[in-house]
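For reference, the structure discussed in these notes is given below.
The values are calculated or read from the model by the stated rules, or taken from the named source; none is laboratory data. Since we're looking at a predicted model, the values are computed, not measured. Every residue, glycine among them, receives a Cβ derived from its backbone with ideal geometry; neighbour counts consider all protein chains shown. The accessibility values were calculated without ligands, DNA or RNA, using every heavy atom of the protein model including side chains. Shrake-Rupley method; radii C 1.70, N 1.55, O 1.52, S 1.80 Å.
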Amino acid sequence: MGEGRSEQEILLESRRKFLGQCLAVLGATALGGALYPVVQYLRPLEADKAARKVEVDLGEIPMGTAKTILYRGLPTLVINATEGVVAISAVCTHLGCIVKWQEERKMLFCPCHAARFALDGRVLGGPAPAPLEVHPVTVAGGKVMLGA
Amino acid sequence: MSLMDWIDERIHLKELIKGQLTEYYVPEEINLWYSLGGLALFIFIVQVLTGILLLVYYIPHTDFAYDSIQRIMTQVPYGWLIRLVHAVGATMMIAAVTLHMVSVLFMGSYKKPRELHWMSGFLLMLLTLGIALSGYLLPWSQLSYWGTTVATNAAGTVPWIGPELNRFLRGQEIVGGPTLSRFYAMHVALIPATMVLLVALHLFLIRRTGISDPPGR
């Protein structure tokens, strides 16, 4: 293909190629400039991040029952058990379903695949590969506090 | 470029790009006025993209619509930019479409064999006005509410069917929740989808006939 072409033709083609590359750089810069606000716009909002400190009124949780709250953005069970107040992650370690507190059997039960956990997070049965995480709590003045 | 070659070997894309884009020849005498259709199309694409982004945070309900717009304007990063591009773009698109029509009318470009271009363009202009009107209600502000009340009242003056048409547009006797729902459906689905089809037809037609030479040549 290279044979039989004049010097001018070769020059024109290399100029065309150069201008095309300049255009590509400009286009990529413009695209990046337009994409940056879009990525920022779609990023999850800081303000929507759930509180790192949560306070629950113990009066809302009668003895033996539990309440599901959001702690660090994740469902967490605050259980008012006879053994004391326990805060435990409600996200099953099997496939991430939300476990429920079973008052009469005193254990946590996952409705998806019947994993069972004890109050201290231990796996009692079912497919769960790891215990549930227990969060430290302080109880003062009828309030349960999670997080520092 | 090897990916391009791979594709080209199978569907001969390069000859299509060459014939329709990089080596597509237009009359020598055309000027800036001939770019208005392309400009309107560009704005339409921008409107679709920013519109999709606004859907992420907008809530089409009378109780939440206004607050969701406030949140986009004040809290969401670059939300003000996305929304203002969409709002200003709407006005710009009407300007571009109107000037496009004036140019076509003035240069006589609508004449045979381009009558179909004019007719599809006329429908596109009506749809542009319709999408602008229906979008105007969505922020659910005082301005949107009363603007829509006045605009739908205009439909009520049509002889015989006016009052029924008015009620059909509003979904009830006065502008309210049902109006917001139907305007929302029109704004984000019905009208844009119809416009995409008509734009495709419009472009197909102009490529079939080629653009018109300025008269007197």
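The requirement of being assigned by TED's automatic domain parsing to the domain that holds residue A:130, at pLDDT below 90 and either within 30 Å of residue B:71 (Cα to Cα) or in contact with a helix residue (DSSP H, G or I) (Cβ under 8 Å, 6 or more places away or on another chain) (or both) is fulfilled somewhere in region A:74-92, by at least one residue.
Candidates A:19, A:11, A:45: the one that is without any contact (Cβ under 8 Å) to a residue 12 or more places away in the chain, within 14 Å of chain B (Cβ to nearest Cβ), more than 30 Å from residue B:50 (Cα to Cα) and not β-branched (Val, Ile, Thr) is A:19. Restricting attention to region A:99-118, the residues that are within 25 Å of residue A:138 (Cβ to Cβ) and out of contact with any Phe, Trp or Tyr (no Cβ under 9 Å at 6 or more places or on another chain) total 3.
Hey, can you tell me all the residues within region A:109-134 that are within 23 Å of the chain's Cα centre (by Cα) and in contact (Cβ under 8 Å) with a residue 40 or more places away in the chain? A:132, A:133, A:134, listed by residue number. Of all residues in region B:40-67, those being open to solvent by 80 Å² or more (accessible area, probe 1.4 Å) and either small (Gly, Ala, Ser) or within 30 Å of residue B:212 (Cβ to Cβ) (or both) number 2.
For residues that are exposed (fewer than 13 other Cβ atoms within 10 Å of the Cβ) and part of a loop (DSSP other than H, G, I, E, B), tally how many sit in region B:175-217. Here the count works out to 3. If you filter region B:1-25 down to residues that are of a type in the set (Val, Ile, Thr) and open to solvent by 70 Å² or more (accessible area, probe 1.4 Å), you find that the one that is farthest from residue B:118 (Cα to Cα) is B:11. Residue-level check: of (1) without any contact (Cβ under 8 Å) to a residue 12 or more places away in the chain; (2) buried (at least 16 other Cβ atoms within 10 Å of the Cβ), residue A:86 misses just (1). Of the residues making up region B:78-90, those that are without any contact (Cβ under 8 Å) to a residue 12 or more places away in the chain and away from chain A (no Cβ under 14 Å) are B:87, B:88.
Would you point out the residue of region A:50-73, among those that are in contact with a Gly (Cβ under 6 Å, 6 or more places away or on another chain) and open to solvent by 90 Å² or more (accessible area, probe 1.4 Å), that is modelled with the lowest pLDDT? Of everything passing the filter in region A:50-73, A:52 is modelled with the lowest pLDDT.
Residues that are within 14 Å of another protein chain (Cβ to nearest Cβ) and out of contact with any strand residue (DSSP E or B) (no Cβ under 7 Å at 6 or more places or on another chain) do not occur anywhere in region B:93-106.
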